[in-house]
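Data block below; observations after.
Readers should treat all values here as calculations from the given coordinates under stated rules, not as data from a laboratory. Because the structure is predicted, anything quoted here is derived from the model rather than measured. Ideal geometry is used to build each Cβ from the backbone, glycine not excepted, and the neighbour counts take in all protein chains shown.
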Amino acid sequence: MYHVVLPELGEGIEKAMVAFWHCKVGDQVYKDSDLVELVTDKAAFNVACDFDGVIKEVLIAEGQEAKIGQVLAVIE
Amino acid sequence: MSDLTAAQSLTTGSFVDLGLIDYSQAYRLQKETVAQVIAGAPERVFLCEHPVVLTLGRMADRGYILASKDELAAHGIEILSIDRGGEVTLHAPGQLVVYPILDLRKRGKNLKQYLYDLEEVAIQFLQHYKIFSVRKPGKTGVWVGAQKIVSVGVGVRKWVTYHGLGININTDLTLFSLINPCGLNVTMASIESIIGQAVMSQKVKQDFCEVFMRSLRLKGN
């Protein structure tokens, strides 16, 4: 089980909005593929997968905000 | 205009002058270069101009496009949704568009610092023309008084950046009446509208590259 978390984006950035999921629950995902795109007011930031697996759960829907370190999805 | 594009190519070292290039073509080039830089290739900074086009960032509200579809079609203006931060932006000849493809893994993985540095490049570049510009808390871009002169919106993949800056040099500012720029309901400015005289396009690019190299520790050769 692997938790996809919103990484540190730099001092002063505490949260970002999920703009776009590149995958959905049940999808096979692969190491280095883009999972989710988050946005701040000036930047869009893609979070990539660290290993192969299947998306078990998506915890933050498109349009919702997440805090740094918050779990965005679970991969099995 | 656009004598920016008529200028001799400035392609040197990390900087690549694409001249006047279709937005979609430049976007593909950025994505290809991002993949190369992720794999360890040298960083690149693309300089270019685009034919008139409207781009919508991920946060964009189509309500910020004030012109009707018919008006846009009459001008031959395309609308593209893209993966960058920010709202609706207009690109047109006379606007120096800068796409830095930089590896933030080498720069402390600090997105906020990168955005600050990018704005700082624009602020220092404008000082070459004796234009005093500032950031505005809570608003994107770089400003001269109440007027916006530089738009900022970036994308990041695996800590490698794309998208970047749009600096109005001698853009036809009447085009901005088609939109509510960046959702901010502001008026736009250009270097020429502020200083009241024409600027040499080749000098514009050279000045920009010098400031960029100094501020973002990029090698010129």
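Non-local amide H neighbours of A:V29 (under 5 Å, H modeled in plane, Pro and chain starts lacking H): which ones?
Hits under the 5 Å cutoff: A:G53, A:V54, A:I55.
Would you mind classifying chain B by shape? Square roots of the alpha carbon gyration tensor eigenvalues, ordered a ≥ b ≥ c; an a/c under 1.5 is rounded, otherwise it is prolate if a/b is larger than b/c and oblate if not. All intermediate terms of the calculation are to be shown ahead of the outcome.
Values: a/c = 1.39, a/b = 1.22, b/c = 1.14.
It comes out rounded by the Cα gyration axes.
About its Cα centre, how strong a charge dipole does the stretch B:3-215 have in debye, to the nearest 20, once Lys and Arg get +1 and Asp and Glu get -1 at the Cβ?
Value, rounded to 20: 900 debye.
Looking at the protein assembly as shown, what % of its DSSP beta bridges pair antiparallel, to the nearest 5? Working shown, then result.
Details: 50 of 65 bridges.
Percent antiparallel among DSSP bridges in the protein assembly as shown is about 75.
Hey, with R₀ at 45 Å, roughly what FRET efficiency would B:R214 and A:E76 work out to, going by the Cβ-Cβ distance, to 0.05? Mind dumping the intermediate values first?
Details: r = 48 Å, r/R0 = 1.08.
So the FRET efficiency works out to roughly 0.40.
Would you mind classifying the protein assembly as shown by shape? Square roots of the alpha carbon gyration tensor eigenvalues, ordered a ≥ b ≥ c; an a/c under 1.5 is rounded, otherwise it is prolate if a/b is larger than b/c and oblate if not.
Prolate is the answer for the protein assembly as shown, as a/c is 1.5 or above and a/b outweighs b/c.
Fewest Cβ neighbours within 10 Å first, please rank B:R107, B:R84, B:R157 accordingly. Let's see the in-between values first.
Numbers: B:R107 17, B:R84 23, B:R157 20.
Taking fewest neighbouring Cβ atoms as first place, the list is B:R107, B:R157, B:R84.
Rounded to the nearest 5, what % of DSSP beta bridges with both residues in chain B are antiparallel? Walk me through the numbers before you get to the answer.
Working: 29 of 40 bridges.
If we restrict to bridges inside chain B, about 70 percent are antiparallel.
Looking at chain B as a GNM with Cα springs under 10 Å, which of B:E120, B:E43, B:E71 has the largest mean-square fluctuation?
Result for chain B, Cα springs under 10 Å: B:E71 fluctuates most.
Is there a simple number for the mean count of other chain Cβ atoms within 10 Å of the Cβ of residues in A:31-43, and what is it?
Numbers: counts 0, 2, 0, 3, 0, 0, 5, 3, 9, 8, 13, 19, 18.
Mean inter-chain Cβ contacts per residue within 10 Å come to 6.
What percent does the relative contact order of chain B come to when contacts are Cα pairs within less than 8 Å and at least six residues apart?
Over chain B, the number comes to 24 percent.
Taking a spot 7 Å from the Cα of A:K15 along the direction of its beta carbon, which residues of the stretch A:40-76 have an amide N less than 20 Å from it?
A:40-47, A:58-73
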